[in-house]
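Just below is one structure, and these are the notes that go with it.
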Amino acid sequence: MTRTRSLASGLLTFSAAAVLALTSAGGASAAPAPTDGHATPSVASVTVDAGGAADYWTPERMQAAVPGDTLAGKALERGNRSSPLLVQKGKPAATKGTKGKPTIAQSENPVSHIGKVFFTLGTTNYVCSGNAVTSGNHSTVATAGHCVNESGAYATNFVFVPAYDNGAAPYGKWTAKALYAPTQWVSSGDMTYDTGFAVVNPDSKGHLLTDVVGGSGTAFNQARGLTYTSYGYPQASPFNGTSLWSCTGTAKNDPNNPQFGTQGIPCDMTGGSSGGPWFIGIGSDGVQNSINSYGYSGSAVMYGPYWGDVIQTTFNSAAKS
Amino acid sequence: MQQSPKAPDPKEDPVSHVDLTQSPEEVLEYWTEERMAEAKPREIQLPEPGPREDGQD
């Protein structure tokens, strides 16, 4: 299920895909040169500048591109005219496949009520994750405290993009009109209370957020040690922030800073997943009961705050505003 | 930024909030594709815990 993503390299070596691109541009240009009958194996190669290729592929050109099987048919016709002398047998050879470093986090399809949040703190633009929750105002988004407030200063330019997927915003962008956080987070950065809520404006047609994307239920003062599924848009390496990921596990107390009262699940999602929702149970249909808050260097555990009375009061204030 | 917890002051409002004065149009105009692509991931990563002493579980 894990989707491995490869980064674009600076140069692409000749490949089957490049063969198709070249033949579409200039006809059959990679046919082996005639030999003198000794059938010396020949290899054609060319180096392609990846930067130029990226510029070349406009949406219009992608749309108009000829299906590869058409070109494959032509290649087959050419192959039928080849001399059997050109086909040599040699020693069997094989190379091992390579895989990217596996991650604990699992790739997910977009979920309508989970998205990315963009905001400005000071003069820096940041990205986090968030989730639309069922509320009296139909307009409340849960995220992390550190995604709405830093050292007492609230974010500006706050916008929620539900079901974000590789730049697409299928449900639009929802701007915030108010931000809420526990006073203990705002005044002293107390990790116990690292949760924030944004109340967003109606869209341009007057529709309210959860009437459009749905919303998760919320739960407070639950038992500790539950099984959770957390979601987020990790952006720091090895992720790239383009899509949704999840982690599932049974929560355990933070052994390093038990005074926080937080719980952690096995998860290697990185920066950008902060504020993403924790649902009780498996999947994204459960009730939300925490958010991605923090981790430790060199440790694949994501911690989230215990949603008790203080965070419930904060949610209630946001939800009725 | 993170600090150790302290007991909330019972006289203190447990909830802090701000009403944003920016118009939706202003915010939407601000978030160009370039700014979204360049936004930094916000995260809290605490230092790696040191080796634990014997006798701890």
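Of note:
- Residue count, the range A:248-304 (criterion: of a type in the set (Ser, Thr, Tyr) and not in a loop (DSSP other than H, G, I, E, B)): 6
- Answer from A:PHE239, A:PHE197 - the residue that is among the aromatic types (Phe, Trp, Tyr), in contact (Cβ under 8 Å) with a residue 12 or more places away in the chain, surrounded by fewer than 24 Cβ atoms within 10 Å (Cβ to Cβ) and more than 7 Å from chain B (Cβ to nearest Cβ): A:PHE239
- Any hit, the range A:231-253, residues being hydrophobic (A, V, I, L, M, F, W, C), at pLDDT 95 or above, under 22 Å from A:ASP165 (Cβ atoms) and out of contact with any Ser or Thr (no Cβ under 7 Å at 6 or more places or on another chain): yes
- Hey, A:ASP211 charged (D, E, K, R), facing chain B (nearest Cβ under 10 Å) and touching a residue at least 12 places away in the same chain (Cβ under 8 Å) or not: no
- Which listed residue is more than 8 Å from chain B (Cβ to nearest Cβ) and touching a residue at least 40 places away in the same chain (Cβ under 8 Å), from A:ALA318, A:ALA300: A:ALA300
- Among the residues of the range A:274-302, just one is in contact with a Cys (Cβ under 8 Å, 6 or more places away or on another chain) and at positive phi, namely A:GLY275.
- Number of positions in the range A:141-175 that are assigned to a strand (DSSP E or B) and either surrounded by 24 or more Cβ atoms within 10 Å (Cβ to Cβ) or not small (Gly, Ala, Ser) (or both): 16
- Selection status of A:LYS173, basic (Lys, Arg), more than 8 Å from every other protein chain (Cβ to nearest Cβ) and farther than 30 Å from B:LYS11 by Cβ: no
- Cross-chain or 6+ apart pairs with Cβ under 6 Å, the range A:89-106 first and under 20 Å from A:GLY298 (Cβ atoms), then at pLDDT below 75 and surrounded by 10 or more Cβ atoms within 10 Å (Cβ to Cβ): A:GLY100/A:THR4
- Checked against the criterion of being closer than 28 Å to B:GLY50 by Cβ and assigned by TED's automatic domain parsing to the domain that holds A:PHE118, the candidates A:ASN240, A:ASN256 yield just one match: A:ASN256.
- Of all the numbered requirements in (1) crowded, with 18+ Cβ neighbours inside 10 Å; (2) part of a loop (DSSP other than H, G, I, E, B); (3) not hydroxyl-bearing (Ser, Thr, Tyr), A:GLY136 misses one, and that requirement is (1).
- Residue in the range A:129-143 that is facing chain B (nearest Cβ under 7 Å), in contact (Cβ under 8 Å) with a residue 12 or more places away in the chain and within 22 Å of the chain's Cα centre (by Cα) present: no
- Checking A:ILE291 against (1) at the interface with another protein chain (Cβ under 8 Å from one of its Cβ atoms); (2) buried (at least 19 other Cβ atoms within 10 Å of the Cβ), the condition it does not meet: (1)
- In this entry, A:ASN316 passes the filter for residues that are over 20 Å from the mean Cα position of the chain (by Cα) and either at negative phi or in a loop (DSSP other than H, G, I, E, B) (or both).
- Criterion violated by A:GLY286 - all others in (1) in contact with a helix residue (DSSP H, G or I) (Cβ under 8 Å, 6 or more places away or on another chain); (2) more than 19 Å from A:HIS146 (Cβ to Cβ) satisfied: (1)
The values are calculated or read from the model by the stated rules, or taken from the named source; none is laboratory data. Bear in mind that the values here come from a model prediction, so they are computed numbers and not experimental data. Cβ: placed from backbone, ideal geometry, glycine included. Neighbour counts: every protein chain shown.
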